[in-house]
Amino acid sequence: MFYLTSFGHSLLHALKNLLPIVVVVVFFQLVILQQVPDNLASMTIGLLIVAVGVALFLQGLELSIFPVGKSLSNQFAKRGSIIILLSFGFAMGFSAVVAEPALIAVAEQAQSISEGRIDAFTLRMLVALSVGLVVALGIFRTIFGYPLHWFMIVGYVTVVIVTWFAPEEIVGLAYDSGGVTTNVVTVPLIAALGIGLAASIRGRNPLTDGFGLVALAVMVPMITVQIYGMIVYGGNTESGELLLTTDSDTEAPSGPLAMLVDLLEMVRDVLPIILTVIVFQYLVLRRKLSNPRKVIFGFVLVILGLYAFVVGLKMGLFPIGTSMAEQLTARDNFTYVYLFALLIGFATTMAEPALIAIGKQAEEAAAGALNGNVIRILVAVGVAIGITIGVHRIITGDSIHYYIMGGYVLVILLTVLSPKYIVALAFDLGGVTTSEVTVPLVTALGIGLASSIDGRNVLIDGFGLIAFASIFPIVTVMAYAIVSQYISDHRKAIQ
């Protein structure tokens, strides 16, 4: 009975997160476009399946991954072993990202659009390895108290340099891949690990030293995926030619067999987390799980939730984004495209659960010096601005290189000027703005726009919106901190 009640709350929570998207889409369909999509019934069913999938997924996390992950983190922190902590950080970062629904969605889209040149599984493994290594690096930074801003400045200078040399086919995808790594699975675990470590080490501040792991997890995949793109597109293979060998005579499974294959793939995705828990719980700590049946049930729910989520994506969120892009561009008036991008960016971010969680943690860490609601509004404004600028780039056909490099040069400049207490939090906030619901819709919007506008390449122009949604919240939060600090100093000078 308890599980049913908890699932009901999770389902209502998922429906609440979907509501802003539904409101914006309905407003545009009925008031501006004044038409109803042909596949409305399928989209509606898909959205409901997404909600059920997210609810099952979150319920499974609460029963398995979250309590086990937090328990392991606390026990390793008490032991004080740097090697064990770094190993655990790598394992949790890797395993959580491999199972990330939004990354699965983006990787599958990239493989489809690139006609197999970009392999979805290889892309996900690269991103997961990057996040694992960088979480270990972040833990190392927290333990020894190194300032985060130097890591971020050096890192983003590297990102800008790599972007200059990367092929244009990979740039948008690389930044999107970095933007979706920190989500419903990774953010709570990584943030709790960083804040818990900072709170347990004498001389560390939870606000300045506890945050930052999420930011590092966003940054490094941008570099590795662009390097992967240099290898993939560096040969003599023509743009449309497949690098993967495919057998055209082999039919894809259908019906119950296809469902079984998809479920087995979900088991494969969650297996790294299960193995991480087993290895560290039984072989390192040599302790039994407190409630193994509950944990196993939780993992089953995670797998079923992932499966339902992917099914719902294909039926609901992807068609909605594509359909809206096609209908808006058909009007020969891009004003409504900009307005839709602005509203969908703001509305979805205000309901983002990971952002709400980080806002509360920031309030507690700052002992009331920061307001969680103000942070959410600043981030939502940043996302709205970022997606709108990204849409403008697709419409005009400008190169993403200059937009991205310009954005991160601005971020680096603000990092130097900002009060140091806000730097780690600002970068983390840039990494939690893209949810499991927002990412597929925004990705589909970008791909739909690139498909509908003459002269645009879907792979080159279709990706990148998530990257803009990650950059500009950092800008708005840091700019707010700089202005607030200036006003405070000015008042003190007058007094």
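One Cα centroid belongs to the stretch 398-468, the other to the stretch 20-94; the line between them spans 20 Å.
Just to be sure I understand, if you calculate volume of the Cα convex hull per residue in Å³ for this structure, which of (i) 243; (ii) 164; (iii) 148 do you get? Working out volume of the Cα convex hull per residue in Å³ from the coordinates points to (ii).
Take the solvent-accessible surface of the protein heavy atoms, probe 1.4 Å, and return the percent of it on the chain that carbon and sulfur atoms account for. Here carbon and sulfur together make up 65 percent of the probe-accessible area.
Students often get this wrong, so check it: of LYS78/LYS294; LYS78/LYS288; LYS16/LYS294, which have C-alpha atoms separated by over 23 Å? Violating the 23 Å Cα-Cα cut-off are LYS78/LYS294; LYS16/LYS294.
Per residue, the convex hull spanned by the Cα atoms of the stretch 452-494 measures out at 83 cubic angstrom. Taking every protein chain into account, the 1.4 Å probe leaves VAL383 with about 0 Å² of accessible area, to the nearest ten. Candidates ALA450, ILE466, ALA424 compared by Cα position along the dipole of the stretch 416-495: farthest toward the positive end lies ALA424, with charges placed on Cβ. Annotation: SER42 carries an accessible surface of approximately 50 Å², with a 1.4 Å probe and no ligand, DNA or RNA atoms counted. Dipole magnitude for the chain: computed about the Cα centre from +1 point charges on Lys and Arg Cβ and -1 point charges on Asp and Glu Cβ, it is near 2440 debye.
Which residue, chosen from TYR146, LEU339, MET92, occupies the Cα position most advanced towards the positive end of the dipole of the chain, where the dipole is computed from +1 (Lys, Arg) and -1 (Asp, Glu) charges on Cβ about the Cα centre? Sorting the options by dipole projection puts first TYR146. Calculated mean residue ellipticity at 222 nm for the chain: -25500 deg cm²/dmol, from DSSP H runs with n ≥ 4 weighted as -39500 (n - 2.57), summed, divided by the residue count and rounded to 500.
The values are calculated or read from the model by the stated rules, or taken from the named source; none is laboratory data. What you see is a predicted model, and the numbers here were worked out from it, not measured in a lab. Virtual Cβ from ideal backbone geometry, glycine too; neighbours counted across all protein chains shown. All accessible areas refer to the heavy atoms of the entire protein, side chains included, with ligands and DNA or RNA removed. Shrake-Rupley method; radii C 1.70, N 1.55, O 1.52, S 1.80 Å.
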